[in-house]
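Reviewing the structure listed below.
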Amino acid sequence: MTSHFFSPVVQRLVPYIPGEQPKISNLVKLNTNENPYPPSPRVIAAITHAAQQGLQLYPDPESTALRQAIAAHHGLAEKHVFLGNGSDEVLAHAFFAFFQQGRPLLMPDISYSFYKVYCGLYGITAQTVPLADDMHLNVADYAQADSLSVAGVVMANPNAPTGIGLPLADIERLLQMHPHRVVLVDEAYVDFGGQSAVGLIGIYPNLLVVHTLSKSRSLAGLRIGYACAQAPLIEALERVKNSFNSYPLDRLAIAGGVAAFEDQAYFEQTCQAVMDSREGLVLALEDLGFVVLPSQANFVFARHPQQDAAGLAAGLRARGVLVRHFKLPRIDSYLRISVGTLEQCDQFIQALAELLASQP
Ligand code: PMP
């Protein structure tokens, strides 16, 4: 649909399409990389308490308590942390703040598809750099004769939807290749076995690391994301945020987020449980003839040499299991399967085995 009311930018916008959030319950939901475990009981208690305390008042526009909790967790000062309504909002502000340079932004050809959507929203040209045939990222491909000819670099580490992690030494090489451009490392999935670049922030003024509480902290429903960087990059993000929405985090999110960082034991235990499930899931998929990319995330990316992935996704859905299929070049033979509990993984594998057995 279009209308003469649409601005030229809106006419051209190609929005992101999130994975299905089904209205029916008791599906095995392995399609949007949520955590299969609920948040820490301390988070629920904190939100319940906050709900009884002053919801008629605006929240703290600076979300100071949560910024302090995050800074303490990473061993940083508060001025190195920026908060947003989910990391998608943090990413959007970062694209606006750093990449509208009238030059192309480098990113892997296979990556989080929202990056290109932000480019469309803010008039940024995306310059995609192909991953190798085995889906690994080769940092040398990001070298430019003149680094100032690009707007910057964005990538997810571990990458999405491949799950493949990049060693920190490679991130450092990227930062050194583009010292005058922001290198945005989206670490949405880093807590499931990846190497975080947050420790490099003191060394590299061009590094922006983005995290979310949606995955490893089981809080996709609360919408909290954050960025860590040196003070000037945080100041730029604050300027954008304060020109857009003074209160991106509500009172419940601030209270719940603080409590999530207070329960380190629960965080470690649930991340470990997801990683343990992942190991079994990979082996079971391989037993069924799938090729599975090495994952450091809470999902696996797998293809079957003889089976059509879209058909498998549809067949699984008919059996009550949701997984994600992307109808995109290079990856349309893959399924992305979020790691569930052991029980959910078993249900998925059973449905898949039945489906494969029923195929001609
Ligand atoms: N980055 C990546 C790589 C993701 O896969 C996602 C989840 N779709 C996000 C960021 C956004 O997560 P959220 O907005 O829930 O923090």
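The values are calculated or read from the model by the stated rules, or taken from the named source; none is laboratory data. The structure displayed is predicted, hence computed values, not measured ones. Cβ sites come from the backbone with ideal geometry, for glycine too, and all protein chains shown count toward neighbours. All accessible areas refer to the heavy atoms of the entire protein, side chains included, with ligands and DNA or RNA removed. Shrake-Rupley method; radii C 1.70, N 1.55, O 1.52, S 1.80 Å.
For VAL28, the amide hydrogen comes within under 5 Å of the amide hydrogens of VAL321, LEU322, counting only partners 5 or more places away or on other chains and with H modelled in the peptide plane. Residues whose amide H falls under 5 Å from that of ALA156, counting only those 5 or more places apart or on a different chain, are TYR112, ASP186, with hydrogens built in the peptide plane.
Using only the alpha carbons of the chain, what is the convex hull's orientation-averaged projected area in square nanometres?
Numbers: hull surface 77.2 nm².
Here the figure is 19.3 nm², rounded to one decimal.
Distance from the Cα centroid of the stretch 289-317 to that of the stretch 7-81 is 28 Å (rounded to whole angstrom).
For the pair LEU200 and PHE6 in one chain, pulling the backbone fully straight at 0.36 nm per residue adds 65.5 nm over the alpha carbon distance.
Using unit Cβ charges (K, R positive; D, E negative) and no other charged atoms, how large, in debye to the nearest 20, is the dipole of the chain about its Cα centre?
Working: 24 positive and 32 negative charges, 187 e Å.
That gives a dipole near 900 debye.
When the charge dipole of the stretch 133-292 is built from unit charges on Cβ atoms (+1 for Lys and Arg, -1 for Asp and Glu) and taken about the Cα centre, the candidate among LEU222, THR270, VAL183 whose Cα reaches farthest toward its positive end is LEU222. Projected label points at LEU55 and ALA72, each 7 Å from Cα along the beta carbon direction, are separated by 2.7 nanometres.
What share of the DSSP beta bridges in the chain is antiparallel, in percent to the nearest 5? Before the final figure, lay out the partial values.
On the way: 16 of 33 bridges.
Within the chain, antiparallel bridges account for around 50 percent of the total.
Explain nothing, just the number: relative contact order of the chain, from Cα pairs under 8 Å at least 6 residues apart, as a whole percent.
Values: 640 pairs, mean separation 84.7, N = 360.
Here the relative contact order equals 24 percent.
Shown in residue order for the stretch 189-198 are the 3J(HN,Hα) couplings computed by the Karplus curve 6.51 cos²θ - 1.76 cosθ + 1.60 at θ = phi - 60°: 10, 5, 6, 9, x, x, 10, 7, 8, 4 Hz (x for Gly and Pro). Karplus-derived 3J(HN,Hα) values for the stretch 139-150, using 6.51 cos²θ - 1.76 cosθ + 1.60 with θ = phi - 60°, are 4, 4, 5, 9, 6, 10, 4, 10, 4, 6, 7, 10 Hz; glycine and proline are entered as x. Along the axis of the charge dipole computed for the stretch 171-286 (Cβ charges of +1 for Lys and Arg, -1 for Asp and Glu, origin at the Cα centre), the listed residues PHE261, SER243, ASN206 are led at the positive end by SER243. Available extension along the chain between ARG103 and ASN245 is 48.4 nm, counting 0.36 nm per residue and deducting the alpha carbon span. A cut-off of 5 Å between modelled amide H atoms, ignoring neighbours fewer than 5 places along the same chain, links THR212 with TYR226.
Phi angles of the stretch 237-244 translate, via the Karplus equation with coefficients 6.51, -1.76, 1.60 and θ = phi - 60°, into HN-Hα couplings of 5, 4, 4, 5, 4, 6, 9, 10 Hz per residue; Gly and Pro are given as x.
Taken about its Cα centre, the stretch 149-252 carries a charge dipole of about 220 debye when Lys and Arg each add +1 at the Cβ and Asp and Glu each add -1 at the Cβ.
Dividing the summed -39500 (n - 2.57) terms of all DSSP H runs of n ≥ 4 by the residue count of the chain sets its mean residue ellipticity at 222 nm at -11500 deg cm²/dmol.
Which order do LEU252, LEU57 take by accessible area at a 1.4 Å probe, largest first?
Details: LEU252 45, LEU57 100 Å².
Descending accessible area places them as LEU57, LEU252.
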